[in-house]
C-alpha cells in the first residue's frame with residue numbers, strides 16, 4: 001500500500017484539505033487557525049504548504065495530511081487513506097490488498113449490522129423494554145445506542161441470519177452462535193438478554209454485550225462477544241462514537257465502568273461519558289481518547305473495587321499525557337444508580353468537585369500516620385509524577401503537591417535523582433539543541449548544496465555515526481539514516497515510519513510557532529535569513545565535542561581505577577592527552593571557546609602525570 005500513500009501525498013494539498021474543516025488565514029509562509037483539538041482564543045494551529053504538514057501547538061499534535069484526517073474524523077490510518085484517495089480520484093487497488101475494505105471485514109460488519117437489527121426488532125414489548133422503562137431509559141436514548149433484546153429461544157437469531165444467506169460457519173466464526181457438542185446444532189450466544197451493541201469510533205457495530213434481566217445465579221450477569229480481529233476489548237471504548245463530537249469541542253472525557261452508566265449519563269446530558277468493555281483502562285484506550293481531549297475525569301463505582309481501579313488508572317493516564325481528576329459518588333453504587341435516585345444537577349456538582357489525582361491518593365491514605373504508610377504515599381506520588389512525560393505538566397503537579405500536601409518541590413527533585421541514579425546522565429541542553437537543529441536543517445533545506453553534494457545527504461552520512469540522546473530525535477534520526485532514495489526525504493513521506501508521538505514532535509521541529517510581523521523592517525533592518533551550512537557545521541561540531549567529552553569522562557573514570565605503576569595507566573594518560581588535544585583543535589577550527597572550570601586532577605596520588613587541569617565539560 002506504499003504506492004497508494006505516496007500517490008495520496010503527491011496529489012493531496014494539505015491546505016485544501018484542512019480548509020474544508022477549519023477557516024485558515026495566511027500569515028507569513030504558513031496558514032493559521034484556532035486549534036480544532038483544544039479550546040483557545042489565539043490561533044496556534046499551523047499548516048505549512050511547502051512542507052505539507054500541520055502542527056497544533058495547543059494540543060501537540062502534528063503530521064501529514066493523512067494524520068490530520070485521522071485526527072479530525074477519528075479514522076484508522078487505512079480509512080483516512082481511503083477517504084483521501086476517493087477525494088482525489090485515485091484508483092484503489094483490488095479489495096484483497098486493503099485489509100479495511102476486504103470482503104471478510106465487509107461481511108463481518110454486515111452480519112453484525114443484521115444481528116443488531118434483529119435484536120432491535122425484538123425489543124418492542126419485550127422483557128428488556130420493560131426493564132429499560134423501569135431503569136428510566138428513554139426511548140430515544142435506547143434508539144441512539146441501538147439497544148435490543150435477544151429472545152430466549154435458543155436459535156432465533158441463527159435462523160434469521162441463515163434465511164438471509166449467511167452460513168452456519170460464519171455465524172460461529174464471528175461469535176454470534178455456538179455449536180452444541182452433542183447434537184451438532186447451532187444455537188445463539190445471547191438468549192434472554194438486553195443487548196448493548198458495541199461500535200468502533202465510526203459507529204460500525206463490531207460486538208455485543210448482553211445483560212441478564214432476570215435473576216439466574218447459574219449464568220453470568222453480563223456476557224460479551226468473543227474477541228475477533230475487528231474487536232479487541234483492550235482497544236474499544238463503549239460510547240466513544242457518540243461522545244467524540246462533544247469531546248472535540250473541549251472539556252474532559254468522563255470515564256465510567258458500565259454500559260448502563262454511559263447510557264444514563266448521556267441521557268442526563270453528560271455526552272462525554274465512555275466506558276471500557278469489561279476490562280481495566282489500557283494504554284490503547286487512552287491513546288484513542290487522547291485524539292479528542294487531554295483531560296480525564298475518572299468516575300468509577302463507589303465500592304473499594306471501583307476506587308482501587310480508579311487508582312490503578314491514574315499512572316497510565318498520566319503517562320499518556322492526560323490531566324487527571326477523580327470524581328467520587330458516596331450516596332450510590334455507581335453513576336446510573338445515582339441518577340435514578342437524584343438528578344443531573346447533583347451529578348454535575350460531584351463532577352465539579354472532582355479532585356486532582358494527588359489529592360485523591362492522599363485521601364485514599366488518610367491513615368498514613370506510621371512511617372511505612374507515609375513511605376507508601378510518597379512512593380506512589382513519586383511514581384505517578386515520574387510517569388508524566390511532559391516536564392512542564394510534571395512541574396505543575398509537583399507545585400500542587402507542595403501547596404496542598406506540604407511536600408516541597410525540592411523533595412521531588414531529590415526523589416527523581418535517587419530513583420534514576422542507576423541511569424545514564426541526562427543529556428545536556430547543548431546536545432539536545434544540536435540534535436534538533438541538525439534534523440531541522442535536513443528537512444528545511446533540501447535544495448542546499450555542501451561539499452559537492454546535497455546538504456541533507458551529507459548530514460545523513462554524518463548522523464549515521466551518532467546516537468541521539470533525545471528519544472524522539474533518535475527515532476527520527478534512524479528513519480532518516482534508513483532513507484536510501486536519491487531524492488530528499490520529507491516529513492510527510494517519513495510519517496508512516498514514525499510513532500504518533502514522534503510525528504507530533506517532528507512537526508513542531510520544522511514549524512515555528514511564531515512568525516515575523518509584517519512591520520518588522522520598520523524597526524529593525526537586520527537580515528532574517530539564516531545560513532543552513534553554518535548552522536550544520538556548528539552543530540555537527542557540538543556533537544563531535546560532546547562525543548569527545550564523553551570519551552574523556554569515561555577515560556578519566558578508568559584512570560582513577562588503575563594503579564599508577566601499571567602500563568595500562570600510562571597508556572590511558574596518553575590517550576587522555578590525545579583526546580584533550582583533539583577537543584581543543586576541533587573547537588579552535590570552528591571558533592568555539594570552551595568554558596573553563598578548575599577540575600579535579602585525574603589522580604590525587606603522588607605519581608607523575610602529564611594531564612593538565614582542564615575542564616571536562618562543554
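The values are calculated or read from the model by the stated rules, or taken from the named source; none is laboratory data. Keep in mind it's a predicted model, so treat the numbers as computed, not measured. Positions of Cβ are generated from backbone atoms using ideal geometry, with glycine treated the same way; all protein chains shown enter the neighbour counts.
Okay, here's what the table says:
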item	result
Leading residue by the ranking (nearest to residue 583 (Cα to Cα)) among those in region 550-564 that are without any contact (Cβ under 8 Å) to a residue 60 or more places away in the chain, in contact with a helix residue (DSSP H, G or I) (Cβ under 9 Å, 6 or more places away or on another chain) and in a helix (DSSP H, G or I)	551
Hits in region 6-18 - residues which are modelled with pLDDT of 90 or more and exposed (fewer than 15 other Cβ atoms within 10 Å of the Cβ)	13, 16
Test result for residue 190, surrounded by 21 or more Cβ atoms within 10 Å (Cβ to Cβ), more than 16 Å from residue 154 (Cβ to Cβ) and assigned by TED's automatic domain parsing to the domain that holds residue 161	no
Odd one out for residue 460 among (1) at pLDDT 80 or above; (2) under 25 Å from the mean Cα position of the chain (by Cα); (3) in a helix (DSSP H, G or I)	(2)
Single match in 237, 176 (criterion: at pLDDT 90 or above, crowded, with 16+ Cβ neighbours inside 10 Å and outside the structural domain of residue 113 (by TED's automatic domain parsing))	237
Region 97-123, subset in a loop (DSSP other than H, G, I, E, B) and at pLDDT below 95, residue farthest from residue 168 (Cα to Cα)	98
Residue tally, condition in contact with a helix residue (DSSP H, G or I) (Cβ under 9 Å, 6 or more places away or on another chain), part of a loop (DSSP other than H, G, I, E, B) and either without any contact (Cβ under 8 Å) to a residue 24 or more places away in the chain or crowded, with 17+ Cβ neighbours inside 10 Å (or both), over region 355-399	4
